[in-house]
Amino acid sequence: APGVPEPQYVAFATDDLVATAARLRAAGAPLLPMPANHADDLEARFDLPAEVLAAAREHGLMYEEDDRGGYLHLATEVLGDRVFVE
């Protein structure tokens, strides 16, 4: 919409984000790159299993916690100048 100045997003859920991330990368999806120290920051802030940290490093996954628990997610770069997918 021309009246919306900020990019908007569309979110999808998956039962296996690691497999989804691997398939997206293999297909050439423009995934948002994470800084090299992102997983180190996650390790310092949260008590995450080693396999979750390894997946975050390998696939550029993000991790958040809210009142319902923790969750992994990833995003594409902004597509065009209007939307990204999470």
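Here are a few things to note about the model shown:
- Rounded to the nearest 20 debye, dipole of segment 14-82 from Cβ charges on Lys, Arg, Asp, Glu: 360
- Translational diffusion of the chain, µm² s⁻¹ [Kirkwood Rh, Cα pairs; Stokes-Einstein; 20 °C; 1.002 mPa s]: 153
- Counting only protein heavy atoms and using a 1.4 Å probe, the accessible area of residue 77 comes to about 80 Å².
- Neighbourhood charge, 14 Å Cβ-Cβ cut-off, centred on residue 83 and excluding it, Lys, Arg +1 and Asp, Glu -1: -3
- Annotation note: chymotrypsin sites (Phe, Trp or Tyr not before Pro) in the chain located in DSSP loop regions with a Cβ neighbour count of at most 14 within 10 Å are 12, 46.
- Here's the picture: charge each Lys and Arg Cβ at +1 and each Asp and Glu Cβ at -1 in segment 12-75, and of 53, 33, 17 the one pushed furthest to the positive end of that dipole is 33.
- Label positions at residue 41 and residue 14, each projected 7 Å from the Cα along the C-beta direction, are separated by 2.2 nm.
- Radius 13 Å from Cβ of residue 10, net charge of other residues (Lys, Arg +1; Asp, Glu -1): 0
- Charge context of residue 54, other residues only, Cβ under 14 angstrom, K/R +1, D/E -1: -3
The values are calculated or read from the model by the stated rules, or taken from the named source; none is laboratory data. The structure displayed is predicted, hence computed values, not measured ones. No Cβ is skipped: glycine too gets one built from the backbone with ideal geometry, and neighbour counts run over all protein chains shown. With ligands, DNA and RNA removed, areas are computed over all heavy atoms of the protein, side chains included. Shrake-Rupley method; radii C 1.70, N 1.55, O 1.52, S 1.80 Å.
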